[in-house]
Amino acid sequence: MNRRLVLPLVVFLVGAVALAAAAFITFAPQRSGQSGTASVGGPFSLTTQAGQKLTDADLRGAPFLVFFGFTHCPDICPTKLFEISEALRAAGPKGEKLKALFVSVDPARDTPEVLKSYLGSFDPRIIGLTGDQAAVDATVRAYRAYAKKVPLKDGDYTMDHTALVYLMDKRGGFVGAFNIERPPAEAAAEWLRHL
């Protein structure tokens, strides 16, 4: 085998194994109890872009989406938020109870005021959430998400984070990863099925 091909092949295989392991860890069923559902989600208490406390219990009664991101995100976050806004618009009047959570993984920069300004371009049913680092970290762990601060050369930083959109049922239970990249009407129809 050509030696120049060995290193890229090894790097690719290691990456594929790491991705498979991350997917298994994220969506593996709980080992304890009788439930066969994945242990994703759970109690949280964060602050909205309006400066009000929001907990998981406040969302009971309608299915909701959860997306982790940050306002300095150059591409993935605004794209996902736009797609979520389009699905909410496509849901029409039937979707008035639907909500989506945009949980900031960068609470040092993403204050309620910053989130309010940032989310002003998207559907008002998208709720921005932030809090102290411990509360955000606990929420990231509860959803089996990933977030890591990545220093940049100029002394600034960016955030590496899970780009998955989570669909939660009206009791706050994890339904699955939500494909938001399809036509808005299809995404809305699936979301509305869980009302």
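Within the set of other residues whose C-beta is less than 13 Å from the C-beta of TRP191, count the net charge using Lys and Arg as +1 and Asp and Glu as -1. Walk me through the intermediate numbers first.
Details: positive: ARG89, LYS94, LYS97, LYS99, ARG125, LYS170, ARG182, ARG193; negative: GLU83, GLU86, GLU96, ASP123, ASP169, GLU186, GLU190.
Within the 13 Å Cβ shell, the charges total +1.
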Quickly work out the TYR157-to-ASP58 label distance, labels modelled 7 Å from Cα along the C-beta direction, and quote it in nm with one decimal. 2.7
Can you tell me the order of 176-188, 57-69 when each peptide is scored by its average per-residue count of other Cβ atoms within 10 angstrom, highest first? 57-69, 176-188
Residues VAL105, VAL40 in order from fewest to most other beta-carbon atoms within 10 Å are VAL40, VAL105
Counting Lys and Arg as +1 and Asp and Glu as -1, what is the net charge of the other residues whose Cβ lies under 13 Å from the Cβ of ARG109? -3
Please work out how much length the chain gains when fully extended from SER117 to ASP75, using 0.36 nm per residue of separation minus the C-alpha to C-alpha distance, in nm with one decimal. 13.4 nm
Tell me, in nm to one decimal, what length is gained between ARG141 and GLU190 on full extension, where the rule is 0.36 nm per residue of separation less the Cα-Cα distance? 15.0 nm
Any of LYS53/LYS94; LYS97/LYS149; LYS116/LYS148 with alpha carbons more than 31 Å apart? Name them for me. LYS97/LYS149
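Laboratory data are not the source of any read-out in this text; all were calculated from the coordinates shown. Nothing here was measured: the structure is a model prediction, and the numbers come from that model. Every residue, glycine among them, receives a Cβ derived from its backbone with ideal geometry; neighbour counts consider all protein chains shown.
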